[in-house]
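The values are calculated or read from the model by the stated rules, or taken from the named source; none is laboratory data. All values derive from a computational prediction rather than experimental measurement. Because the Cβ atoms are built from the backbone with ideal geometry, glycine has one as well, and the counts that use them run over all protein chains shown. Side chains included, ligands, DNA and RNA excluded: accessible areas come from the protein's heavy atoms. Shrake-Rupley method; radii C 1.70, N 1.55, O 1.52, S 1.80 Å.
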Amino acid sequence: MDEVTGRDNQIICQALKIAIPIMQNHSLSSSNTDDMERIYEHRSKGNRVEFPDRKVEHFMEKLNG
């Protein structure tokens, strides 16, 4: 897959980090959630994924809280 922005991997990891907890709480499709987790683990390579926007980070804290 071609790199579009130079930050594609970071953006994908951030999107997955938001989507996974929502899917875990509200989806009956565990295979999709499991695949999302596998993609996230592969792309983040164990690195901490941070959000530049404090509002998103606050949302994630409430979601995981």
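Per the helix-only calculation at 222 nm, which mean residue ellipticity applies to the chain, given -39500 (n - 2.57) for every DSSP H run of n ≥ 4 and division by its residues, nearest 500 deg cm²/dmol? Write down the numbers at each step before the final one.
Working: 3 runs with 45 residues, N = 65.
After summing the helix terms and dividing by the residues of the chain, the value is -22500 deg cm²/dmol.
I'd like to check one number: the per residue accessible area of the chain, probe 1.4 Å, reported in Å² as a whole number.
Working: 5130 Å² over 65 residues.
Per-residue accessible area for the chain comes out at 79 Å².
Where the accessible area of the chain is counted over protein heavy atoms with a 1.4 Å probe, how much of it, in %, is carbon and sulfur? Let's see the in-between values first.
Details: 2700 of 5130 Å².
Reported share for carbon and sulfur atoms: 53 percent.
Within 10 Å, count the other beta carbons around each residue, average over each peptide in 53-59, 16-22, and list them highest first.
Numbers: 53-59: 10.7, 16-22: 15.3.
Put in order of decreasing packing, that is 16-22, 53-59.
Out of 26, 9, 64, whose Cα points farthest toward the positive end of the dipole of the chain (charges: +1 Lys, Arg; -1 Asp, Glu; placed on Cβ)?
Ranked along the dipole, the leading option is 64.
Can you list the HN-Hα couplings for segment 14-28, worked out from phi with the Karplus curve (6.51, -1.76, 1.60; θ = phi - 60°), rounded to whole Hz and with x for Gly and Pro?
Calculated HN-Hα couplings, in order: 5, 5, 5, 4, 6, 6, 4, x, 5, 5, 4, 8, 10, 10, 9 Hz.
So if I place +1 on the C-beta of Lys and Arg and -1 on the C-beta of Asp and Glu, and nothing else carries charge, what would the dipole magnitude of the chain be about its Cα centre? I want it in debye, nearest 20.
The dipole of the chain has a size of about 220 debye.
Can you give the extra length, in nm with one decimal, that the chain gains between residue 60 and residue 19 once fully stretched, where that is 0.36 nm per residue apart less the Cα-Cα distance?
Result: 13.8 nm gained on full extension.
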